[in-house]
Amino acid sequence: EAQVTQNPRYLITVTGKKLTVTCSQNMNHEYMSWYRQDPGLGLRQIYYSMNVEVTDKGDVPEGYKVSRKEKRNFPLILESPSPNQTSLYFCASSSGRYNSPLHFGNGTRLTVT
Amino acid sequence: QKEVEQDPGPLSVPEGAIVSLNCTYSNSAFQYFMWYRQYSRKGPELLMYTYSSGNKEDGRFTAQVDKSSKYISLFIRDSQPSDSATYLCAMSARGSGSARQLTFGSGTQLTVLP
């Protein structure tokens with residue numbers, strides 16, 4: 001089954017404790033992206049990657065890191081999480097071809113206390 | 001002012017009703033318009049895709065784009081309880097509905113009551 005898999009689904013952590021949210025897709029997609037979803041603000045892009053070893057900032061990159069060492073994986077790293085990073089995070093992928101949709105994972109709900 | 005404005009609702013309708021969901025936008029460069037549906041505890045999934053102005057129909061769903069008014073709509077006919085979800089509009093100025101430049105609305109939460 002074609003899918004984007006994120007782990008974990010739920011995560012509670014404390015301020016300053018480094019964490020990684022993993023994302024993997026099995027569709028051989030070149031394009032991958034991370035979004036955060038907050039009430040009233042919708043989906044905002046954090047980082048995206050056009051291909052292996054190619055990453056770029058989205059609209060809200062501060063406090064986040066990403067890497068794209070393999071085509072299928074695109075982990076999101078929070079080096080020193082803060083409470084304002086409490087949010088619902090989505091990983092998405094796309095072939096990048098004309099009219100190709102974004103395929104989203106089922107989300108990671110992160111709480112930073 | 002946000003680039004894309006969407007009434008968050010919540011919107012509650014009886015089964016069988018016609019539902020109208022709307023977004024307005026300020027960037028006249030937007031030319032690719034999408035509607036995503038997001039069920040509770042799930043990621044969004046693409047529902048409709050429209051290029052430039054006009055209508056597009058897919059079963060019970062119709063997407064309309066009025067670029068002169070910077071206004072897009074999604075109509076759901078004969079609404080069903082299974083349509084209960086959050087609906088997000090999204091738009092892009094680049095070719096291929098460039099995923100990296102999608103701007104999303106904040107979503108409208110819809111409940112269809114049996």
What nm value, rounded to one decimal, do you get for the distance between A:S95 and A:R44 when each label is placed 7 Å out toward the C-beta? 3.3 nm
Length gained when the stretch B:S12-B:R41 is fully extended (0.36 nm per residue, less Cα-Cα span): 8.5 nm
Once the piece of chain linking A:T111 and A:N28 is laid out straight, how much longer is it, given 0.36 nm per residue of separation minus the C-alpha distance between them? 26.8 nm
Which residues qualify? For B:F30, with a placed amide H closer than 5 Å and at least 5 residues away or on another chain, they are none
Hey, can you find the accessible area per residue of chain B for me, probe 1.4 Å, expressed in square angstrom? 46 Å²
If R0 = 30 Å, then B:A93 and A:K69, at their Cβ-Cβ distance, give a FRET efficiency to the nearest 0.05 of 0.45
Candidate lysines for bridging to A:K57, where Cα separation is under 28 Å - those fewer than 8 sequence places away on the same chain excluded: A:K17, A:K18, A:K65, A:K69, A:K71, B:K2, B:K42, B:K70
How large is ³J(HN,Hα) for each residue in the range B:32-45, as worked out from phi by the Karplus curve 6.51 cos²θ - 1.76 cosθ + 1.60 (θ = phi - 60°), to whole Hz, x for Gly and Pro? 10, 10, 10, 10, 10, 10, 10, 7, 4, 6, 10, x, x, 10
Between B:D66 and A:L88, the FRET efficiency computed from the C-beta separation at R0 = 30 Å comes out, to the nearest 0.05, as 0.45
Rounded to whole angstrom, the alpha-carbon centroid of the range A:1-37 lies from that of the range A:52-113 at a distance of 6 Å
Per residue of the range B:5-13, in order, report the coupling 6.51 cos²θ - 1.76 cosθ + 1.60 (Karplus, θ = phi - 60°) as ³J(HN,Hα) in whole Hz, putting x for Gly and Pro. 10, 9, 5, x, x, x, 10, 10, 9
Extension gain from B:K56 to B:L113, taking 0.36 nm per residue of separation minus the Cα-Cα distance: 17.9 nm
Using θ = phi - 60° and the Karplus relation 6.51 cos²θ - 1.76 cosθ + 1.60, list the HN-Hα couplings for the range A:73-81 in order, rounded to whole Hz, with x at every Gly or Pro. 10, 8, x, 10, 10, 10, 5, 9, x
With r defined as the distance between the Cβ atoms of A:Y10 and A:N51 and R0 fixed at 35 Å, what FRET efficiency is calculated, to the nearest 0.05? 0.70
State the percentage of accessible surface on the range B:1-103 attributable to carbon and sulfur atoms; use a 1.4 Å probe and exclude ligands, DNA and RNA. 45 percent
Taking amide H positions as placed in the peptide plane 1.01 Å from N, state which residues far from A:G58 in sequence (5 or more) or on other chains have amide H under 5 Å from it. A:Y47, A:Y48
Accessible area buried at the A-B interface, both sides summed, 1.4 Å probe (Å², nearest 100): 1700 Å²
Which percent of the accessible heavy-atom area of chain A goes to carbon and sulfur, probe 1.4 angstrom? 49 percent
Would you mind checking which residues have amide H under 5 Å from B:M48's amide H? H placed 1.01 Å from N; only 5 or more apart, or other chain. B:W35
With B:V13 itself left out, Lys, Arg at +1 and Asp, Glu at -1 over residues whose Cβ is under 13 Å from its Cβ give -2
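The values are calculated or read from the model by the stated rules, or taken from the named source; none is laboratory data. As the structure is a computational prediction, the values presented were derived from the model and not from experiment. Cβ: placed from backbone, ideal geometry, glycine included. Neighbour counts: every protein chain shown. For the accessible areas, the whole protein counts, side chains as well, though only heavy atoms, and no ligand, DNA or RNA atoms are used. Shrake-Rupley method; radii C 1.70, N 1.55, O 1.52, S 1.80 Å.
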